[in-house]
Amino acid sequence: MTDSFLDSSKRLYGRRKGRPLRKRKTELLDGLLPSLEIPVPQPGDRIDPHALFAAPMRDIWLEVGFGSGHHMAWQAANNRDVGVIGAEPFINGVAGLLKLVDDEKVQDNVRVLPDDARPLLDALPDASIGRAFVLFADPWPKKRHWERRFIGPDNLPRLARVLKDGAELRLASDDMGLVRWMLEHTVRHPDFEWTARGPSDWRHRTADWPPTRYEEKAIEAGRKPVFMRFIRKARG
């Protein structure tokens, strides 16, 4: 989960850094991050995601706002032939991911943009991503802040452009206001189809969808997460 957001005016809301980091995480930021980091794309830049990895990758997946990195590291460890790219502006979250990457030895198939995801989305080629995740994003509950929500009119076209035909977009939240918002906007978007056929489809994660640290805390607090899977429709 990330509590930062770059709005249409290019202003980044939320924190970039939290509590002081312990020695190991500081060392990983200095020593490991440079080999995994994607420089922030500038307007007009183009990035071949496969070229980010030394070894050939079967597919490329993208996680927007990976929080402390548990979901992203699990996906990388369980899909070592998939290049997993994550964007997260909160440096403590980046440090948390780096620790997991080091522990799981998944440096070969993880790449990190320690910043907002939108410049990366704009730089990726059409139909280049096989799966995207936006999990437990900041709900921005006040109405005057709703335009800061990542899933919405500004970013769904970006995701639709970079996702391959048939690719999955996975969304999750424990905030019912945000759930309704994401469902309304994504169902209404012409390029996405909701896969749910019954309540169990949004009440339970699939076997290849591990819990995030935030999700576990939400459940402990008595909140019920909702899990949504959308398919990118075939291009005409």
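Assorted remarks:
- Given (1) within 18 Å of the chain's Cα centre (by Cα); (2) among the acidic types (D, E); (3) at pLDDT 95 or above, index of the condition E215 fails: (3)
- Test: residue in the stretch 93-104 that is part of a strand (DSSP E or B), among the β-branched types (V, I, T) and within 17 Å of the chain's Cα centre (by Cα): no
- Only one entry in P43, P39, P89 is in contact with an Asp or Glu (Cβ under 8 Å, 6 or more places away or on another chain), open to solvent by 70 Å² or more (accessible area, probe 1.4 Å) and in a loop (DSSP other than H, G, I, E, B), namely P43.
- The C-beta contact set for the stretch 194-216 (first residue touching a residue at least 24 places away in the same chain (Cβ under 8 Å) and open to solvent by 70 Å² or more (accessible area, probe 1.4 Å), second residue of a type in the set (G, A, S) and part of a loop (DSSP other than H, G, I, E, B), distance under 9 angstrom, 6+ apart or interchain) comprises W202/A196; R213/G67; R213/S68; R213/G69.
- Subset of the stretch 13-36 that is open to solvent by 50 Å² or more (accessible area, probe 1.4 Å), out of contact with any Phe, Trp or Tyr (no Cβ under 7 Å at 6 or more places or on another chain) and not in a helix (DSSP H, G or I) - its residue that is modelled with the highest pLDDT: R22
- Index of the failed condition, A218 passing every other in (1) under 29 Å from A127 (Cα atoms); (2) touching a Pro at 6+ places or on another chain (Cβ under 7 Å): (1)
- Qualifying residue in the stretch 137-152 (condition: within 20 Å of D191 (Cα to Cα), modelled with pLDDT of 95 or more, open to solvent by less than 10 Å² (accessible area, probe 1.4 Å) and of a type in the set (A, V, I, L, M, F, W, C)): yes
- Looking at D108, D122, just one residue is outside any loop (DSSP other than H, G, I, E, B), touching an Asp or Glu at 6+ places or on another chain (Cβ under 9 Å), in contact (Cβ under 8 Å) with a residue 24 or more places away in the chain and surrounded by fewer than 22 Cβ atoms within 10 Å (Cβ to Cβ), and that residue is D122.
- Count of residues meeting criterion [part of a helix (DSSP H, G or I) and loosely packed, with under 12 Cβ neighbours inside 10 Å] in the stretch 46-72: 1
The values are calculated or read from the model by the stated rules, or taken from the named source; none is laboratory data. Just so we're clear, the structure is a prediction, and the values are computed from it rather than from any experiment. Cβ coordinates were reconstructed from backbone atoms using ideal geometry, including for glycine residues, and neighbour counts include every protein chain displayed. In case anyone asks, the SASA skips ligands and DNA or RNA and just uses the protein heavy atoms, side chains included. Shrake-Rupley method; radii C 1.70, N 1.55, O 1.52, S 1.80 Å.
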